[in-house]
């Protein structure tokens, strides 16, 4: 994510919130002085928060909570009118983001835009919290502070209360300020959940579009890596036949980027990032539904760092 973002935004200041010291070391070695890394275990601000929330929340719920605190923390350090982009680690950028050139916004959010047969998934939120644009100012600070107060009270992953983690609160953002906008480009924070028969994924050379709108960023939600193969998550929401070739090429490009980065770090043991997946189980799933085999990619022979 970081490398792809800097490719199209070379003058940006990148600040990463690392949950462990090993990840901090990896990032600092790989990017040298290009980025700043704040490590949870070394932070007098965030370590006490983590400990407190972890006492009554799951690890995932704790991370979702700290994410909002992190955004508010960074926002408080910025000069007025400075643009802040929050991005999940599984985001991949393919072009610059033009929305930040306009002046009539305080916060930019991206809708899920589920197809009709997937609209029940809106109970997790109308908007996706994996990519958010924030312009430093009174309105954005007020809204992000409100968001922090909400996750302090509740940030559970159960949808029984009509909420979901930090994400469902974004549904209220448009009512909290006149400057809250939706990213104008459909191809911003694109995910497989948006792809449908009427919204096809296309590729022309190394350029991608969805529903005729060019893509500048893609959210690789659901991708899992084991020691020997990658489960892409490409089929998680169903995949129309007309999008299979473009989606397969996009996911293959991303996985090759991951492999390239890992192979450039020969001294590091990355087993802590591996997902425990059974090859036998995945094969059985493929036999039952052959399309699921398209979701698997074998890692290069001899590749054992995972």
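Derivation of every value follows stated rules applied to the coordinates shown; laboratory data play no part. The structure presented is a predicted model; accordingly, all values stated were derived computationally and were not measured. Ideal geometry is used to build each Cβ from the backbone, glycine not excepted, and the neighbour counts take in all protein chains shown.
In the chain, what % of DSSP beta bridges are antiparallel (nearest 5)? Mind dumping the intermediate values first?
On the way: 24 of 34 bridges.
Looking only at bridges with both residues in the chain, the antiparallel portion is about 70 percent.
On full extension of the chain, what length is gained from residue 253 through residue 76, given 0.36 nm per residue of separation minus the C-alpha to C-alpha distance?
Numbers: separation 177, 0.36 × 177 = 63.72 nm, distance 3.65 nm.
This chain segment gains 60.1 nm when fully extended.
If each of residue 150 and residue 178 carries a label point 7 Å out from its Cα toward its Cβ, how far apart are those two points in nm?
Result for the modelled spin labels: 2.2 nm.
Residues of region 104-144 with amide nitrogen under 15 Å from the 7 Å Cα-to-Cβ point of residue 171?
111-114, 119-129
How high is the relative contact order of the chain, in percent, with contacts defined as C-alpha pairs under 8 Å that are six or more residues apart? Let's see the in-between values first.
On the way: 447 pairs, mean separation 46.8, N = 306.
It rounds to 15 percent for the chain.
I'd like the per residue volume of the convex hull spanned by the Cα atoms of region 83-204, given in cubic angstrom. Let's see the in-between values first.
Values: hull volume 15.0 nm³, N = 122.
About 123 Å³ per residue, rounded to a whole number.
Calculated FRET efficiency, residue 33 and residue 205, Cβ-Cβ r, R0 22 Å, to nearest 0.05?
On the way: r = 34 Å, r/R0 = 1.52.
E between residue 33 and residue 205, to the nearest 0.05, is 0.05.
Could you give the length gained by full extension between residue 102 and residue 261, i.e. 0.36 nm per residue of separation minus their alpha carbon distance, to one decimal place?
On the way: separation 159, 0.36 × 159 = 57.24 nm, distance 3.44 nm.
Going from the current span to full extension adds 53.8 nm.
What per residue convex hull volume, in Å³, comes out for the chain when only alpha-carbon positions are used? Let's see the in-between values first.
Working: hull volume 46.8 nm³, N = 306.
That works out to 153 Å³ per residue.
Sum -39500 (n - 2.57) across every DSSP H segment of at least 4 residues in the chain, then divide by the residue count to get the 222 nm mean residue ellipticity, nearest 500. Walk me through the numbers on the way to the answer.
Working: 8 runs with 94 residues, N = 306.
Value at 222 nm, helices only: -9500 deg cm²/dmol.
At q = 0.09, 0.14 Å⁻¹, what base-10 log of I(q)/I(0) does the Debye formula yield for region 2-182 when every alpha carbon is treated as an equal point scatterer in vacuo?
So the normalised log intensities work out to -0.33, -0.84.
Over region 18-107, what is the relative contact order in percent, taking alpha-carbon pairs closer than 8 angstrom and at least six residues apart?
Values: 33 pairs, mean separation 14.7, N = 90.
Normalised by residue count, the contact order of region 18-107 is 16 percent.
Roughly how many Å is it from the Cα centre of region 31-64 to that of region 206-238, as a whole number?
For region 31-64 versus region 206-238, the Cα centre distance is 27 Å.
Starting from the Cα of residue 288, step 7 Å along the direction of its Cβ; do the same at residue 13; then give the gap between the two resulting points in nm.
Computed distance between label sites residue 288 and residue 13 equals 5.1 nm.
Testing the spin-label approximation: label points 7 Å from Cα along Cα→Cβ at residue 160 and residue 60. State their distance in nm.
Taking the two extended label points, one gets 1.6 nm.
Applying a 10 Å radius around every beta-carbon, put 156-168, 136-148, 62-74 in order of their mean neighbour count, most first.
Numbers: 156-168: 15.8, 136-148: 17.8, 62-74: 20.2.
Highest to lowest by the protection proxy: 62-74, 136-148, 156-168.
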